[in-house]
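Presented below is the structure to which this report refers.
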Amino acid sequence: MNNARWFTYERAVVFAMFVFGALLFAATFRIDTSTTAAGDVGPGFVPRIFAALLMLCAGLALFLTKMTSDENKHPIDFATVAMLALVIAYATAMPLLGYVVSTFLTMVVALLIVRGGEWWRIGAFAVGMTAGTWFVFSKLLQIGLPLGPWGF
Amino acid sequence: MLDGLIGGFHHILSLHYLWIILIGSAIGIAAGATPGMSTAGTLAILIPFTFTMDAIGSLALLASVYTGAQYGGSISATLLNTPGAPESAVITFDGYPLAQQGKAGKALTALILAGLVGGLVGTIVLIGAVVPLAKEALRFGPAEMFALAVFGISVVGGLVQGGLLRGLAAAALGLLVTMIGQDPVSGTARFTLGSTSLLGGVPFVPALIGLFALSEVFSLVARRDQHVELKNVTTKHEWPADRAELGMWLKFMLIGAGVGIFVAVHPGSGATIASLIAYSVARQVSKNHKLFGKGAIEGIITPEAADKATVGAAMIPMLGLGIPGSASSAVLMGAFTLHGIEPGPMIFKNHADIVWSLFAALVIANFAVFALGFGGVPLFARVTLIPRKYLLAAIIALCFVGAYANGTNMISVYTALAFGIVGFLLRRGGVSLAPIVLGLVLGPLLETNLRQAMIISGGSWLYLVQSPIALLLYGLGLASILVPYVMQRRKMAIPHPAMPLPGPPLPPLPEGIPEDGE
């Protein structure tokens, strides 16, 4: 068996699920059970069962389930990786720069990543989207969105 | 029952709620027609817009969106061969060939009529079935409720794409996530990594926004933009030529509605499976079975009626038992909980007026979609031409602001982000997201009832298997795992997205269909 081809992306995902289950299974042994009522199975019991179930199903799926080979999948290209990085940056920037500035910048960069057209289209969309969502949530729904050091 | 329904209509028949239903239906059709926007994703994005609404208005809006989205996907499937959602994929088999033959008008009329009939039949069955079911479930104790939750998990594991084991693993992942935070009996902190922000658990609505909406952004980018053209297609409606043809249409609408209801009442199934089974049944029943795949009108009427019937039918287990029948109804459950309403047997005791209003809203939403479908097909068809690059940028902003609005804190945003990235990686890994949501819903139900049962019985495990109802539910759960497995092993034909349909092979599905959209 060719190991490089056997360990496909799909198997890697299932393996990651197995590892997540194993980590939480181990963590259940550190849960304090001193305050449980009579007859109760305790706060660590059910998570341990769920973690074991995850390990069991993911472990069996790793070997028994037919997986799609990597050749049949769209590759994760630069645009996808850039988009993933962008949303992480957006979440980081929002409390620092405020909703308005971080959203405007994110809209601009997102459209640049996916080649959103002429600069004026990108700018107009970013302004419209930022202003529209800000108006609906901040003014209509009265939800206090994060503010930047400049007060908006 | 009739008094409740009249009361529901009395609540809903005000200009305020009628506008909400009309707007919700239009949003639903537009979102459903947009390739890449799943019904569950649309609902998740819209939940934050309903924060300041009253419970009836919020649920009426989301129910209308749900109803409209199921129809919208069929417009793009017929006119562009690009289904807006997975449940509409089957419409491309015969809808697009009909459009190519110059019969788009007839196909669109058949779809809108099938949607109305299917939607109304599904809603009527919902109204008739949910009250007795909830009454019966009121007698359930912790042992039966625990068995019910086990049944819910086992069913979803067997019916999702990606195989039984991966479905169950996804459900276990969802269950495990609900263990984060304080435990419900003793208040002990679990898996919080010392953070007080996680003591309340993982926020449900941001998790849904991440799983169903944000992850779609990455999938859209990964699939790349697909240019579609809408040209030389008539959208003028055409009625059946005579009574005989109308009768034939009606027959297949009722067959579709019956199949849709039968499938959707099983927790975790949903519209995609229902529409595929309905297509398969129609092909076997129809005299024109040779036309299937080449432009058979029955090939679109039956799955469309099944698809729309699932809207009401999927709410039967959700409202009666607290177990969602589909991913979309799981998102609706999130909207219920936001307003302090817990779906399940007690809902008719505590919030009967809201539930009856929801039923009335569903009936009206079906007529609203029917009216909008007749008047607005050219407009909704144009919606499908919105470039995906703008769509995905808009989804990012809506996801983040919506998640923030849920708790007005950054934890909600980080939750949506984490679930969005994990959801995207899991989708690419062939893991369906619907069981994760079911796990998120059923985790607390499982744990609370198991521990209550243990405390009541003084730690006796036999208490869990002493009730006949609990035993029946365990048996059904076991069967729901074993039957698909055995049938798959024997290569028996179960109409399921991952399995072959009986008869000649189906035409290939078009690319770019979002997963977990029902």
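Restricting the range B:186-208 to residues that are within 12 Å of chain A (Cβ to nearest Cβ) and not in a loop (DSSP other than H, G, I, E, B), the residue that is surrounded by the fewest Cβ atoms within 10 Å (Cβ to Cβ) is B:Ala189.
Among the listed residues B:Ala305, B:Ala335, B:Ala313, identify the single one that is out of contact with any Pro (no Cβ under 8 Å at 6 or more places or on another chain), more than 14 Å from B:Ala63 (Cβ to Cβ) and among the hydrophobic types (A, V, I, L, M, F, W, C). Step through it out loud before you land on a result.
Values: B:Ala335 fails: more than 14 Å from B:Ala63 (Cβ to Cβ); B:Ala313 fails: more than 14 Å from B:Ala63 (Cβ to Cβ).
Every option except B:Ala305 fails the conditions.
Considering only residues in the range B:1-37 that are free of Cβ contacts under 8 Å to residues at least 60 places away in the same chain and within 24 Å of the chain's Cα centre (by Cα), the one that is farthest from B:Ile396 (Cα to Cα) turns out to be B:Trp19.
If only one of B:Val437, B:Val413 is away from chain A (no Cβ under 11 Å), part of a helix (DSSP H, G or I) and β-branched (Val, Ile, Thr), which one is it?
Details: B:Val413 fails: away from chain A (no Cβ under 11 Å).
None of the other options fit; the residue is B:Val437.
With respect to (1) on the phi < 0 side of the Ramachandran plot; (2) surrounded by 14 or more Cβ atoms within 10 Å (Cβ to Cβ), the lone exception for A:Ser69 is condition (2).
(1) among the aromatic types (Phe, Trp, Tyr); (2) surrounded by fewer than 24 Cβ atoms within 10 Å (Cβ to Cβ); (3) under 21 Å from the mean Cα position of the chain (by Cα): which one isn't true of B:Phe336, the others all being true? Every listed condition holds for B:Phe336 apart from (2).
Highlighted here are the helices (runs of 4 or more DSSP H) found entirely within the range B:259-363 that include at least 3 residues which are under 20 Å from B:Leu120 (Cα atoms): B:271-285, B:298-313, B:315-321, B:327-338.
When restricted to residues that are in a helix (DSSP H, G or I) and more than 24 Å from the chain's Cα centre (by Cα), the range B:378-396 contains 6. If the condition is being free of Cβ contacts under 8 Å to residues at least 24 places away in the same chain and closer than 18 Å to B:Ala397 by Cβ, then the range B:414-437 contributes only B:Tyr414.
Of all the numbered requirements in (1) closer than 27 Å to B:Ala222 by Cβ; (2) buried (at least 19 other Cβ atoms within 10 Å of the Cβ), A:Phe137 misses one, and that requirement is (1).
State whether the residues of the range B:65-86 include one that is within 14 Å of chain A (Cβ to nearest Cβ), assigned to a loop (DSSP other than H, G, I, E, B) and closer than 21 Å to B:Ala434 by Cβ. Within the range B:65-86, none of the residues are within 14 Å of chain A (Cβ to nearest Cβ), assigned to a loop (DSSP other than H, G, I, E, B) and closer than 21 Å to B:Ala434 by Cβ. Every condition in (1) within 14 Å of another protein chain (Cβ to nearest Cβ); (2) crowded, with 24+ Cβ neighbours inside 10 Å; (3) not charged (D, E, K, R) is met by B:Thr50 except one, and the failing one is (2).
Checking the structure you have, find out if any residue of the range B:80-93 is closer than 30 Å to A:Ser138 by Cα and modelled with pLDDT of 85 or more.
In the first step, residues of the range B:80-93 are kept if they are closer than 30 Å to A:Ser138 by Cα; the result is none.
No, the range B:80-93 contains no residue that is closer than 30 Å to A:Ser138 by Cα and modelled with pLDDT of 85 or more.
I need the helices (runs of 4 or more DSSP H) fully contained in the range A:36-146, keeping only those with at least 2 residues that are more than 8 Å from chain B (Cβ to nearest Cβ), farther than 30 Å from B:Trp461 by Cα and among the aliphatic types (A, V, I, L, M). Give the steps one after another, and end with the answer.
Details: elements: A:45-64, A:78-97, A:99-113, A:119-134.
Hits in the range A:36-146: A:78-97, A:99-113, A:119-134.
The values are calculated or read from the model by the stated rules, or taken from the named source; none is laboratory data. Here the structure is a predicted model, which means the values were calculated and not measured. Please note: Cβ atoms are built from the backbone with ideal geometry, for glycine as well, and neighbour counts cover all protein chains shown.
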